[in-house]
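Each reported figure results from applying straightforward, stated rules to the coordinates on display, with no laboratory input. Given the structure is predicted, the values throughout are model-derived calculations rather than measurements. Ideal geometry is used to build each Cβ from the backbone, glycine not excepted, and the neighbour counts take in all protein chains shown.
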Amino acid sequence: MLDDNDRARTASVNHFYGAGPADPRLYHLVIDTTRPPVPATVELIVVAARAF
């Protein structure tokens, strides 16, 4: 069921945006949250949100 949902979401993004959901051009901010500590990640998001 999870794989079916992933395929459906991928098809939807591809249909409407002509790109895959992993395409970073679709996002304003991409953070690898496995690297920085949680407080640093939160601060990155806050600073980015205030910039917009």
Check: Per-residue ellipticity at 222 nm for the chain, helices alone: DSSP H runs ≥ 4 residues times -39500 (n - 2.57), over residue total, nearest 500 deg cm²/dmol?
Finding: -19000 deg cm²/dmol
Checklist line | Taking 2, 29 and counting other C-beta atoms within 10 Å, the order from fewest to most | finding: 2, 29
Item checked: Derived scalar couplings ³J(HN,Hα) [region 35-46; Karplus, 6.51 cos²θ - 1.76 cosθ + 1.60; whole Hz; x for Gly, Pro] -> 9, x, x, 3, x, 5, 5, 4, 4, 4, 5, 4
Item checked: Label point distance in nm, residue 29-residue 16, each placed 7 Å from Cα along Cα→Cβ -> 2.2 nm
